[in-house]
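Down below is the structure, laid out as structure tokens.
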Amino acid sequence: MEHRGLAQKLLRLGIGTCLLLGASGAGSAGAPQREWYSLLIEGQRVGYAWHETRATADERIDSQGMRVYVSQLQRSSMIETVTEIGRNPAGAPRWIRVQSVNGPDRSAWKGAISEDGRSMVVTMSGSSGQLRVQLPANMLWPDQLAGALQRVTSASHFRMLDTSYASVAEVDAERVADAGASNDTRIRVTSTAPGNPPRTEFFWLDGQSRVARRERTFFAVPLRWETCDRGCDAYVEQPYDLMARMVVASPYRIPASAFDGPIRYVIRRADGVAPRLPATGEQSVVADGSNVVVTICASCGAPAALSDAERRTYLAPNAWVQSDAREVMNFARQNSGRGKPKQVMTELVDAVRKHMNSGVDYLGYATAVEALQNRAGDCTEFAVLLAAAARARGIPTRLVAGLVYAARFSGKKDVFSPHMWVQAWIDGRWVSYDAGLERFDATHIALALGDGDPRKMDVDSGTSGQWRIEKLGLLK
């Protein structure tokens with residue numbers, strides 16, 4: 001039986017899950033064999049990774065883990081994933097287990113593989129449901145990736161289990177030129193799981209066709225694996241400052257008297273690609289070469305219609321905006337009256353702000369039910385709970401990922417920090433409500449819109465650290 005909550009909850013494992021780099025030999029009983037990697041960002045060591053093979057008389061287990069130490073608002077935290085695959089003496093996979101830690105958010109799933117290798121039954125920690133995944137013939141398992149890359153002469157295509165989503169991904173591997181002085185072979189690997197944007201990684205194979213380095217994007221910056229010989233799991237003295245990398249400098253201090261707007265911004269992307277920002281009833285967007293000119297106030301954008309399909313989408317529950325959960329429906333009913341939608345939204349904003357009073361953490365992406373139970377989180381948890389409560393009262397809502405101005409944030413002055421808030425369909429237009437900061441204002445820059453499923457946010461938005469605000473002006 002497929003359990004909808006389980007199937008969608010698996011998606012939160014996607015931030016840090018690793019591909020296993022080990023070869024797929026049979027192994028032998030004896031002491032575990034472990035290979036170490038240092039994790040680097042801009043030359044700074046931020047953590048470590050490992051691959052280990054251990055064997056008994058009747059089973060071989062290949063495992064890989066990675067651990068990145070981060071700081072957020074001067075507090076240390078950790079992002080970790082561990083993936084294990086158990087095989088029988090003939091090399092056929094029996095089971096796979098994936099565990100993920102993103103700050104306080106912990107998830108795990110295990111797959112039991114059928115004897116013929118054609119299906120897998122997935123169970124998730126904290127869930128009573130099961131998910132059955134069909135496995136195609138000749139599919140690669142993650143611990144077979146290194147062997148597959150060794151056979152790439154120019155380009156290759158194959159299918160492989162994606163441990164982030166417990167689904168089968170289409171993988172393209174291609175040899176590409178390397179501008180560096182190394183003689184290692186560089187291979188670009190692009191993996192696409194159903195319903196998700198592609199993810200690209202680079203692998204370098206040495207003269208003996210072993211993986212010597214690896215690189216992929218981690219919160220908008222390159223994270224590099226390099227082989228390590230000693231002290232590989234030593235404590236990281238200086239954790240990666242996650243929030244400092246994600247804020248965007250403001251060219252000027254914005255006085256509170258200007259928050260009602262209008263405010264006009266000239267925005268570009270750090271990589272030079274022409275940006276695509278969403279236009280809303282509160283945000284007009286005009287392209288200007290490699291920049292966009294964005295004007296924000298309560299009515300600065302053009303009005304938009306709501307189609308029947310959009311109404312269904314923004315009223316429907318999903319894995320994060322769980323408007324059909326009994327706890328959410330009770331919360332919405334108990335904290336809002338029978339007034340018009342505008343009044344209901346105001347009441348729900350107040351209720352969410354009062355309820356969410358047990359601490360702030362900027363890692364992870366909790367569901368509305370988890371936010372309701374834990375009473376903790378950041379703007380994301382405020383937003384998913386508000387959106388779910390509003391949908392439970394019959395009000396279409398969508399979530400907005402963007403930037404918001406702060407006079408001081410993460411030890412920096414006058415910056416735009418990553419933020420999330422809610423837009424509700426009120427009186428024929430989308431109106432923003434911000435439960436995290438209490439009110440919407442003209443310093444809220446929308447980068448992406450969605451129904452609460454983080455996979456469906458416009459991938460052009462990337463992460464906040466790639467944006468640059470060249471100019472801003474206060475309009476009369």
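Here are a few things to note about the model shown:
- Sole residue being at pLDDT 85 or above and assigned by TED's automatic domain parsing to the domain that holds TYR37, chosen from ALA212, ALA193, ALA181: ALA212
This table checks each residue for (1) touching a residue at least 60 places away in the same chain (Cβ under 8 Å); (2) surrounded by fewer than 23 Cβ atoms within 10 Å (Cβ to Cβ); (3) assigned by TED's automatic domain parsing to the domain that holds VAL266; (4) out of contact with any helix residue (DSSP H, G or I) (no Cβ under 6 Å at 6 or more places or on another chain).
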residue: VAL344; (1), (2), (3), (4): no, yes, yes, yes
residue: LYS354; (1), (2), (3), (4): no, yes, yes, yes
residue: GLY377; (1), (2), (3), (4): no, no, yes, no
residue: LEU385; (1), (2), (3), (4): no, no, yes, no
residue: ALA389; (1), (2), (3), (4): yes, no, yes, no
residue: PRO396; (1), (2), (3), (4): yes, yes, yes, no
residue: PHE409; (1), (2), (3), (4): yes, yes, yes, yes
residue: GLN423; (1), (2), (3), (4): yes, no, yes, yes
residue: ILE426; (1), (2), (3), (4): yes, yes, yes, no
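- Filtered residues of the stretch 78-89 (kept if without any contact (Cβ under 8 Å) to a residue 40 or more places away in the chain and over 20 Å from the mean Cα position of the chain (by Cα)): GLU84, GLY86, ARG87, ASN88
Matching residues to (1) more than 14 Å from GLN44 (Cα to Cα); (2) crowded, with 17+ Cβ neighbours inside 10 Å:
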| position | (1), (2) |
| --- | --- |
| ARG224 | no, yes |
| ASP229 | yes, no |
| TYR235 | no, no |
| MET246 | yes, yes |
| ARG253 | yes, no |
| ALA256 | yes, no |
| ASP260 | yes, no |
| ILE263 | yes, yes |
| ARG268 | yes, yes |
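- Leading residue by the ranking (nearest to the chain's Cα centre (by Cα)) among those in the stretch 106-128 that are under 21 Å from ASN196 (Cβ atoms) and touching a residue at least 24 places away in the same chain (Cβ under 8 Å): SER107
- Those strands (runs of 3 or more DSSP E) of the stretch 341-435 in which 2 or more residues are closer than 19 Å to PRO454 by Cβ and at pLDDT 90 or above occupy 397-409, 412-426.
- Here the condition is being modelled with pLDDT of 95 or more and charged (D, E, K, R); of ARG268, ARG276, ARG312, it holds for ARG312 alone.
- Pick from the stretch 43-63, criterion assigned to a loop (DSSP other than H, G, I, E, B) and either of a type outside the set (A, V, I, L, M) or not assigned by TED's automatic domain parsing to the domain that holds VAL211 (or both), ranking: surrounded by the most Cβ atoms within 10 Å (Cβ to Cβ): GLU59
- Subset tally (residues that are part of a strand (DSSP E or B) and not aliphatic (A, V, I, L, M)) for the stretch 183-218: 18
The values are calculated or read from the model by the stated rules, or taken from the named source; none is laboratory data. Worth saying up front: this structure is predicted, and the values here are computed from it rather than measured. Reconstructed Cβ throughout: ideal geometry from the backbone, glycine too, with neighbour counts over all protein chains shown.
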